[in-house]
1. Calculate the spin-label point distance for Q45 paired with Y73, positioning each point 7 Å from the Cα along the beta-carbon direction, and give it in nanometres.
2. Along Cα→Cβ, 7 Å out, is where each label goes; now give me the distance between the ones at D133 and R61 in nm to one decimal.
3. Measure off, as a whole percent, the carbon and sulfur share of the 1.4 Å-probe accessible area of region 31-126, all protein chains present.
4. At 1.4 Å probe size, with no ligands or nucleic acids counted, give the accessible surface of V121 in Å², nearest ten.
5. How about region 53-90: which chymotrypsin sites (Phe, Trp or Tyr not before Pro) there are in a DSSP loop, with at most 16 other Cβ atoms within 10 Å of their Cβ?
6. Taking the Cα centre as origin and putting +1 on Lys and Arg beta-carbons and -1 on Asp and Glu beta-carbons, what dipole magnitude results for region 76-151, to the nearest 20 debye?
7. Determine, from the Cβ-Cβ distance of K82 and A149 and an R0 of 41 Å, the FRET efficiency 1/(1 + (r/R0)^6), rounded to the nearest 0.05.
Amino acid sequence: LSKRYWANCPVRQGCLLYMRPDSFPAQSRVQWSDMWNYLLRRRKQKDQAQYQRLQHYRASRHAGRVMQVRKTYSSGTKAYVKWRGTDSVSAIWISGISVESGEYVVLEGEYGYGQHHDEEVFYVTNLVDRFDDACYRRAHRHEQRIAKAHP
């Protein structure tokens, strides 16, 4: 491992690691093994949580990816979302919250008339969940691993 790793685990007491595993002295290799297993358990828990978020995303009626943020105001954000399943793009208005392009969002709300640009707008009443592209990809990989293990 060439990078610094932060391990907040009981084995290493949350220390920074700068060394490769084979450069540890023999008496601390057991500790390295324990810490590595701890990190793997944490990663599996994180993958499982992201997988469950992905399931919620897929089950939701109003879920999609933010394709473009038109403008962020102090009162909210106007953006365009590509809806999951239909691949149609529509304008959304989220009051008091800003979103970024590329984020996946699960929304609650209703359609209404947008008087400023003469288009139909989805007015968001509740931003249920949001996650970035990396989270989506990790959850998708986790889902593929589950499918491969249990055909």
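1. Modelled inter-label distance: 4.3 nm.
2. Distance between label points: 3.0 nm.
3. That share works out to 45 percent.
4. Accessible area, nearest 10 Å²: 10 Å².
5. In loop regions of region 53-90 (DSSP not H, G, I, E or B), the sparsely surrounded chymotrypsin sites (Phe, Trp or Tyr not before Pro) are Y73.
6. For region 76-151, the charge dipole is close to 580 debye.
7. The pair K82/A149 has a calculated efficiency of 0.85.
The values are calculated or read from the model by the stated rules, or taken from the named source; none is laboratory data. Note that the structure is predicted; figures quoted are calculated from it, not measured. As a convention, Cβ positions derive from the backbone with ideal geometry for all residues, glycine included, and neighbour counts pool all protein chains shown. Areas reflect the complete protein model, heavy atoms only, side chains present, ligands, DNA and RNA absent. Shrake-Rupley method; radii C 1.70, N 1.55, O 1.52, S 1.80 Å.
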